[in-house]
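First the structure, in the form of C-alpha cells, and then the observations on it.
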Amino acid sequence: MKNKKLLSFILLIILIVFLALSQFFSQSFEEIPDNGKYVNTFIGTGGHGHTFPGATTPFGMVQLSPDTRTLGWDACGGYHHTDSSIIGFSHTHLSGTGISDLGDFLFMPFSGKAKVTPGTPEDPDSGYRSRFNHSNEKSSPGFYSVLLKDYDIKAELTTTKRAGFHKYKFLKEGKSGIIIDLSHTIYPDHKPNHQFKIISNTEISGYKGSGGWAVTQDIFFKAKFNKPFTVTFYENGKKIDALPNRMSKKLLAVLTFNTKAGEEVLAKVGISSLDYEGASKNLETEINHWDFDKVKNEAHETWKKELSKINVKGGTENEKTIFYTALYHTSIAPNTFSDVDFRYRGMDREIHQTDKENIYTVFSLWDTFRAYNPLKTITDPDKTNEFINTLLTKYDQGGILPMWELQGNYTGCMIGYHAVPVIVDAYNKGIRSYDVKKAYEAVVHASTYNTTDIFFPSKQVKNILMPKGKLYNETMDFIPADLENESVSKALEYAYNDWCIAQMAKDLGKTDDYNRFMKRSKKYTQYYDTKTGFMRGKNADGNWREPFDPRYSKHRKDDYTEGNAYQWSWFVPHDVQGLVDLVGGKETFIKNLDVLFSTSSELVGDDVSGDISGLIGQYAHGNEPSHHISHMYNFVDQPWKTQEITDQIMRELYFNDPNGLAGNEDCGQMSAWYVLNAIGFYSFNPGDPTYSIGRPIFDEVEINLPTGKKFIIRAENNSRDNKYIQSTKLNGKKLDTPFFTHEQLIAGGKMEFTMGKLPK
C-alpha cells in the first residue's frame, strides 16, 4: 500500500514535470511563421521603384543581383523589369534610390567564345550580355536564379552578410568561363581605377576605386572557385600579356573552364571597403565550405526571423504579399560597412577599428526619418541604437551629421538636417544606448552654418551639404527665394528640425536652447501667403516671388524640392494647430485639405519634377514630402477622412506587381509607410512619440516586441467596404482620440477596432 502511494506520487510528479516541460518547449520553440513565402522581390523593379530582385541578407554588405542596364534614371537599382537582357551579376546595389551608384564586381558566365564588351540592350549579341525570360526567373529573400538563354546557363545566387555565392550550371558541353568586369558600374561617370591579383588557379582578387555619387569609393574582392581556371586579361578591350603594375582605367578578366554538360561551377566572393585582407577574411569567415544550399538556407532562415517581427492575419493574398514585401524592403538598408573584424572605412577615408557593433552605410535620411526609422524604433530598437552610434561616429570623423551618406562619403544630397529627427525620435522613445551628450552636441551643430572643421570631399558637396540657406536663416531670419534655391522647402524643413532639437533641449534642461529653437521652429509662418493660401517664396526685399502657380514645378530649380506649392504647404508636422490658425481656422484648413485630394492632378512647367508621382489630386504619394498629409484630418476632428484617404492610397498606389510602387522605394521609406498604415497607425511627427491612427487592413496584427511582449491589433467586422473605425479600445479602455503613444505600444497589450461602412 505504501509502495503504491509512493509510486502514484512519483508518477504525479513526473506528469507535472512533463506538462511543465511541454509547455516550456512549446513556448520556447514555437514555430516561426515563414512570411518570406509572401515576398515578391520584383515589386518595385518596374516603373520608377528602382528596387533590385537579387539576393541579400538583412542590412547586408552584399546585394548580389542581376544588372540589365547602367544608364538613365531607371537604372538606379541596376535592373528594370521591362529589360530583356542581363549584363551580369554585380555585388553591390542601392534599393530604390533616385540616383545611381555601385554595381561593383560584375560576374558574367558564358559558353563558347568570350566577348570582352558588354554590348547594348538593342543588340545583346554585340557583347557578353544574354537574353532571358521572366518565366525562367525565380527569386525569394536571399536567393535569385535565372536561365541565361544565349549561353544555356542556369545562374543561381545567394549571400551571407559580406559574401556572395554563385552557382552556374553549364547545360551544354564545351568551352565555358566567367567574365569579371571591373569597369562595370551603375553610374555614367565613375572615374575608375582597377587592379587584379592572381592568387592561384582557383583564386583571384581585385580592387575598384571610383568616384560616382559617392565622390571617393574603394572596394576590394576575393573570389574562390571550385574548379581550376585559366585567365586572360584585357585592358581597354585589348588583350594584355601581363597585369600592369599601375592602376588601370578599364580592366577585365576572362576565366575559362572546360565543362561537361550539366556541370556546376561555384564561385564565392567576399568584399571589403578596406583592403584585400578584409575581403579575404570576410569570405573565409562567412563561407568556409562549398555547400551552396547551406548558405541559401541560412539566408532564408535569417529572413524568416526578420519577417516574423510582425505577423498578420486576414486580408487577401495580394495584401499579404504587398505587406511582407514592404517589410522585406525595410530591412535591406542601411548596409553593413564594417568587416568581420570590425574594421571600417571612416568619413576621413582612414581605416578605423570598433569592437562594439557594426558600422553602417547608405543613410537616405531625407526619406527615412518619416516612417522607416520610426518603424525600427518599434521592431528593432537595438538596430536603431547601432544606426545612431554610426551617425555619431560619422559626425566625429567628418565634422557634421550626414544628410545622405554613401560608402563613407558625404554626398550632400537633399535638404534639411534629418539625422536630427532620427536621433530625437529615438531619444524621446527612451532608446538611448549612445553618448547622449555627444548626440545633443551633434544635433545642435547640424543646424548651424559652418564651413570649417568639416571633411568636405568636394566643393560641390560642400555647397550642398552646407547651403547658404542655413546662413540666411540665421542672419536674415528667413531664406530669400532670389538668393537661395528651394527656399520654401528648406525653410519648412529647418523649422521642423529645429523643433526636434528643442524637444531634446527641453528634456536635458537646456532652457535657453529650448527657447531659441522653439522660436526658430515658428519661422515657417512667414512663408504663408493669406491671399493665395499657399506657402510661397519670398524675395530679399520682402515681396513674394512672382509669377506664382501652385501647380508649377521645375525640378530642383524652383522654390520647392521635388514638388510644388500644393504638396509643400502642409509640411508643418510639428505645429499643426499653428498651421490651422495660420490658414484661418479649422473650417478653412479642412476645405484646403479636401481641395488637395480632389483637385485636378495637372502639373505645370517645362521641367516638372519626375518625383511628383502617385497623384490623388495634388497629393503626391510617390514622393516623401506628402507622406504625413493624409493623417492631418485626425487633428481637426475628421478622422474618418484619414481612414478613407489612407485606405485609398494603400489600395490604389501599392500593387503585387513590378509596377507596384508609386515612386522610388527610397531605402525602405515607401514601404515603411505601407507597413505602418496597413497595421493601423502612422508616425506623423517623428520626435513626438505619438502615433496617429488610420485604417487597419488586416483582421489581426501581432507585433513581436524585442522585450518579448506582444502588441496585438484586432479589427472586428473588417472588410474592404468596412473601412471606417466605429470605436477603438486600448487594453479594454475606450480611446477618445485617434492617437496613442509609443510608451503604450511597447508596454504590450491589445488595441481593438470595430469597423463599419459609414464614417463615425
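The values are calculated or read from the model by the stated rules, or taken from the named source; none is laboratory data. Everything numeric in this text was worked out from a predicted model, so none of it was measured. Because the Cβ atoms are built from the backbone with ideal geometry, glycine has one as well, and the counts that use them run over all protein chains shown.
Just one of the listed residues (V444, V436) is out of contact with any Pro (no Cβ under 6 Å at 6 or more places or on another chain) and closer than 19 Å to R516 by Cβ, and it is V444.
Which residues, taken from segment 250-274, are small (G, A, S) and either modelled with pLDDT under 95 or farther than 14 Å from F105 by Cα (or both)? Steps first, please.
First, pick out the residues of segment 250-274 that are small (G, A, S): 253, 261-262, 267, 270, 272-273.
Passing the criteria: A261, G262.
One residue stands out in segment 308-358 among those that are among the β-branched types (V, I, T) and out of contact with any Lys or Arg (no Cβ under 7 Å at 6 or more places or on another chain): the one that is farthest from Y38 (Cα to Cα), namely T354.
For I378, the requirement of being at pLDDT 95 or above, of a type outside the set (D, E) and more than 19 Å from A419 (Cβ to Cβ) is met. Residue-level check: of (1) over 20 Å from D688 (Cα atoms); (2) surrounded by 24 or more Cβ atoms within 10 Å (Cβ to Cβ); (3) of a type in the set (V, I, T), T384 misses just (1).
Of the residues S176, S139, which single one is under 17 Å from L255 (Cβ atoms), touching a residue at least 60 places away in the same chain (Cβ under 8 Å), of a type in the set (G, A, S) and in contact with a strand residue (DSSP E or B) (Cβ under 8 Å, 6 or more places away or on another chain)? Before you say what the answer is, go through the steps one by one.
Values: S139 fails: under 17 Å from L255 (Cβ atoms).
Of the residues listed, the single one that is under 17 Å from L255 (Cβ atoms), touching a residue at least 60 places away in the same chain (Cβ under 8 Å), of a type in the set (G, A, S) and in contact with a strand residue (DSSP E or B) (Cβ under 8 Å, 6 or more places away or on another chain) is S176.
Would you confirm, using the coordinates I've provided, whether G748 is at pLDDT 95 or above, surrounded by fewer than 17 Cβ atoms within 10 Å (Cβ to Cβ) and under 29 Å from the mean Cα position of the chain (by Cα)? So that I can check it myself, show each step before the final result.
Numbers: at pLDDT 95 or above: yes; surrounded by fewer than 17 Cβ atoms within 10 Å (Cβ to Cβ): yes; under 29 Å from the mean Cα position of the chain (by Cα): yes.
So G748 fits the description; yes.
In segment 738-759, is there at least one residue being over 28 Å from G687 (Cβ atoms) and among the basic types (K, R)? Yes, the conditions are met somewhere in segment 738-759.
Residues in segment 710-719 that are of a type outside the set (S, T, N, Q) and touching a residue at least 40 places away in the same chain (Cβ under 8 Å): F711, I713, A715.
Just name the residue that is surrounded by the most Cβ atoms within 10 Å (Cβ to Cβ) out of those in segment 418-468 that are aromatic (F, W, Y) and closer than 18 Å to L392 by Cα.
The qualifying residue surrounded by the most Cβ atoms within 10 Å (Cβ to Cβ) is Y427.
Only residues that are free of Cβ contacts under 8 Å to residues at least 60 places away in the same chain and part of a strand (DSSP E or B) were counted across segment 142-151, and they come to 2.
Given the structure, is S111 farther than 29 Å from A333 by Cα and surrounded by 19 or more Cβ atoms within 10 Å (Cβ to Cβ)? Working first, answer last.
Details: farther than 29 Å from A333 by Cα: yes; surrounded by 19 or more Cβ atoms within 10 Å (Cβ to Cβ): yes.
Judged against the criteria, S111 is a match.
Restricting segment 387-416 to residues that are part of a helix (DSSP H, G or I) and hydroxyl-bearing (S, T, Y) leaves a set whose member that is surrounded by the most Cβ atoms within 10 Å (Cβ to Cβ) is T390. Set side by side, the residues L508, L471, L579 differ, and just one is hydrophobic (A, V, I, L, M, F, W, C), surrounded by fewer than 17 Cβ atoms within 10 Å (Cβ to Cβ) and over 27 Å from the mean Cα position of the chain (by Cα), which is L508.
Taken over segment 633-677, the residue count meeting the criterion of being within 13 Å of the chain's Cα centre (by Cα), more than 12 Å from T51 (Cα to Cα) and of a type in the set (D, E, K, R) is 0. Of all residue pairs spaced 6 or more apart or on separate chains, none has beta-carbon atoms under 8 Å together with a first member in segment 731-760 that is under 17 Å from V701 (Cα atoms) and of a type outside the set (S, T, Y) and a second member that is assigned to a helix (DSSP H, G or I) and at pLDDT below 95.
One residue stands out among those in segment 290-318 that are of a type in the set (K, R) and within 15 Å of A163 (Cα to Cα): the one that is surrounded by the fewest Cβ atoms within 10 Å (Cβ to Cβ), which is K294.
Return yes or no: is G660 out of contact with any His (no Cβ under 6 Å at 6 or more places or on another chain), assigned to a loop (DSSP other than H, G, I, E, B), crowded, with 22+ Cβ neighbours inside 10 Å and not hydrophobic (A, V, I, L, M, F, W, C)? Even if it seems obvious, please write down each step before you answer.
Details: out of contact with any His (no Cβ under 6 Å at 6 or more places or on another chain): yes; assigned to a loop (DSSP other than H, G, I, E, B): yes; crowded, with 22+ Cβ neighbours inside 10 Å: yes; not hydrophobic (A, V, I, L, M, F, W, C): yes.
Taking the combined requirement at face value, the residue satisfies it.
Which condition from (1) under 32 Å from the mean Cα position of the chain (by Cα); (2) outside any loop (DSSP other than H, G, I, E, B); (3) surrounded by fewer than 14 Cβ atoms within 10 Å (Cβ to Cβ); (4) not aromatic (F, W, Y) is the one that K154 breaks? Tallying (1) under 32 Å from the mean Cα position of the chain (by Cα); (2) outside any loop (DSSP other than H, G, I, E, B); (3) surrounded by fewer than 14 Cβ atoms within 10 Å (Cβ to Cβ); (4) not aromatic (F, W, Y), K154 fails exactly one: (3).
Of the residues making up segment 112-129, those that are among the β-branched types (V, I, T) and in contact (Cβ under 8 Å) with a residue 40 or more places away in the chain are V116, T117.
A single entry from K191, K161, K172 fulfils the requirement of being in a loop (DSSP other than H, G, I, E, B), basic (K, R), modelled with pLDDT under 95 and over 30 Å from Q460 (Cβ atoms): K172.
Applying the condition of being surrounded by 14 or more Cβ atoms within 10 Å (Cβ to Cβ) and charged (D, E, K, R) to segment 711-723 and asking which residue is farthest from P374 (Cα to Cα) yields E716.
So is Q567 in a helix (DSSP H, G or I), in contact with a strand residue (DSSP E or B) (Cβ under 8 Å, 6 or more places away or on another chain), surrounded by fewer than 20 Cβ atoms within 10 Å (Cβ to Cβ) and of a type outside the set (V, I, T) or not?
Working: in a helix (DSSP H, G or I): yes; in contact with a strand residue (DSSP E or B) (Cβ under 8 Å, 6 or more places away or on another chain): yes; surrounded by fewer than 20 Cβ atoms within 10 Å (Cβ to Cβ): no; of a type outside the set (V, I, T): yes.
Spelling it out, it is not the case that Q567 is in a helix (DSSP H, G or I), in contact with a strand residue (DSSP E or B) (Cβ under 8 Å, 6 or more places away or on another chain), surrounded by fewer than 20 Cβ atoms within 10 Å (Cβ to Cβ) and of a type outside the set (V, I, T).
Scoring I43 on the criteria (1) aliphatic (A, V, I, L, M); (2) part of a loop (DSSP other than H, G, I, E, B); (3) surrounded by fewer than 21 Cβ atoms within 10 Å (Cβ to Cβ) leaves a single failure, condition (3). If you go through segment 724-745 and keep only what is loosely packed, with under 14 Cβ neighbours inside 10 Å and more than 23 Å from D380 (Cβ to Cβ), you end up with S727, N731, G732, K733, K734, D736, T737. A single member of L596, L615 is among the hydrophobic types (A, V, I, L, M, F, W, C), without any contact (Cβ under 8 Å) to a residue 40 or more places away in the chain and more than 19 Å from P639 (Cα to Cα), and it is L615.
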